[in-house]
Amino acid sequence: AQSVAQPEDQVNVAEGNPLTVKCTYSVSGNPYLFWYVQYPNRGLQFLLKYITGDNLVKGSYGFEAEFNKSQTSFHLKKPSALVSDSALYFCAVRDGDNAGNMLTFGGGTRLMVKP
Amino acid sequence: EAQVTQNPRYLITVTGKKLTVTCSQNMNHEYMSWYRQDPGLGLRQIYYSMNVEVTDKGDVPEGYKVSRKEKRNFPLILESPSPNQTSLYFCASSVRLAGGPGNEQYFGPGTRLTVT
């Protein structure tokens, strides 16, 4: 069975500082990894994904994530946080070797960016 | 505008009273899915559909039914709702390329269901 762990329920960072939201995963086949963001009273919005290729992937709103196969991690990063980045962030994994489209989400990490 | 719509957005009901939450997408997506979101548990998949008349169970299908008679619609049915189905529900859709599960999903705005 596949799984995703987001070890921090909440991450606090000052505006202008770099941010990292952690994600580790477990999957039997090739990992397809995703980050989604959820703003209050909204559905999830896609941020970025890793399928293959460069380990560092860039996405929307200046976010990027680094795939690390040996550590089975896919941490989300941003060089300079904005107050408007405050939201709930979800990491998700899918088995790339399985044509069935099961997507497994982590429990979510709330990012609070203070002015 | 490309979007996934859900109705109703909010629903309060009583135990045992059948209800349906509708989901519709206008992007001609083959793949559709239902999730429930509970604090600390993230999103858990209830059912998904690869295409018309093709549905399959996700992680937490008990107490739910779905149907996919048309490509654009994927209703979620609770035949006899119970309080443990109180949750925030999301519908999602994506393009599904043959053999390629790497497509991002588009999510609806959510339906907050309370069962008393």
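The values are calculated or read from the model by the stated rules, or taken from the named source; none is laboratory data. As the structure is a prediction and not an experimental result, all values here were calculated from the model. Every residue, glycine as well, gets a Cβ built from its backbone with ideal geometry; the counts of neighbours run over all protein chains shown. Each accessible area value is taken on the protein alone, full model and side chains, heavy atoms only, with ligands, DNA and RNA left out. Shrake-Rupley method; radii C 1.70, N 1.55, O 1.52, S 1.80 Å.
Within the protein assembly as shown, DSSP assigns beta bridges of which about 90% are antiparallel (rounded to the nearest 5). One decimal place: the segment B:SER67-B:LEU88 gains 5.6 nm when fully extended, by the rule 0.36 nm per residue minus the C-alpha distance. Once backbone amide H atoms are built at 1.01 Å from N, B:THR86 has B:VAL115 as its partners under 5 Å, excluding neighbours fewer than 5 places away on the same chain.
For the range B:22-106, relative contact order (Cα pairs under 8 Å, six or more residues apart, normalised by length) works out to 34 percent.
When the surface is traced with a 1.4 Å probe over the full set of protein chains, B:TYR48 keeps roughly 20 Å² accessible.
If you filter the range A:28-95 for trypsin sites (Lys or Arg not before Pro), then keep DSSP loop positions with at most 15 other Cβ within 10 Å, what is left?
On the way: sites: A:ARG42, A:LYS49, A:LYS58, A:LYS69, A:LYS77, A:ARG94; in loops: A:ARG42, A:LYS69.
For trypsin sites (Lys or Arg not before Pro) across the range A:28-95 that sit outside H, G, I, E and B with at most 15 neighbouring Cβ atoms in 10 Å, the list reads A:ARG42, A:LYS69.
Would you list A:HIS75, B:HIS29 from the most to the least accessible area, probe 1.4 Å?
Values: A:HIS75 45, B:HIS29 10 Å².
Order by accessible area, largest first: A:HIS75, B:HIS29.
Nonpolar atom fraction for chain B, defined as the carbon and sulfur part of the 1.4 Å probe accessible area, stands at 51 percent. Using alpha-carbon positions, what is the distance between the centroids of the range B:1-66 and the range A:48-115, in Å? If we compute the Cα centre of each part, the gap is 24 Å. With a Förster radius of 25 Å applied to the beta-carbon distance between A:GLU64 and A:ASN41, the computed FRET efficiency rounds to 0.40.
For peptide A:28-34, how many partner chain Cβ atoms fall within 10 Å of a residue's Cβ, on average?
Numbers: counts 0, 1, 2, 0, 4, 1, 4.
Mean partner-chain Cβ count within 10 Å for A:28-34: 2.
Note on the range A:20-115: with neighbouring protein chains present and a 1.4 Å probe, carbon and sulfur make up 49 percent of its accessible heavy-atom surface.
Rounded to the nearest 20 Debye, what is the dipole magnitude of the range B:1-85 about its Cα centre when Lys and Arg each give +1 and Asp and Glu each give -1 at the C-beta? Don't skip to the end; give the middle numbers.
Details: 11 positive and 9 negative charges, 47 e Å.
Charge dipole of the range B:1-85: 220 debye, to the nearest 20.
Round to the nearest 0.05 the FRET efficiency obtained for B:ASN51 and A:ALA14 when R0 = 35 Å and r is the Cβ-Cβ distance.
Values: r = 48 Å, r/R0 = 1.36.
About 0.15, to the nearest 0.05.
Residues in chain B average 47 Å² of solvent-accessible surface per residue, probe 1.4 Å, ligands and nucleic acids excluded. When chain B is described by a simple charge dipole with +1 on each Lys and Arg Cβ and -1 on each Asp and Glu Cβ, the residue from B:LEU113, B:GLY58, B:VAL95 located farthest towards its positive end is B:LEU113.
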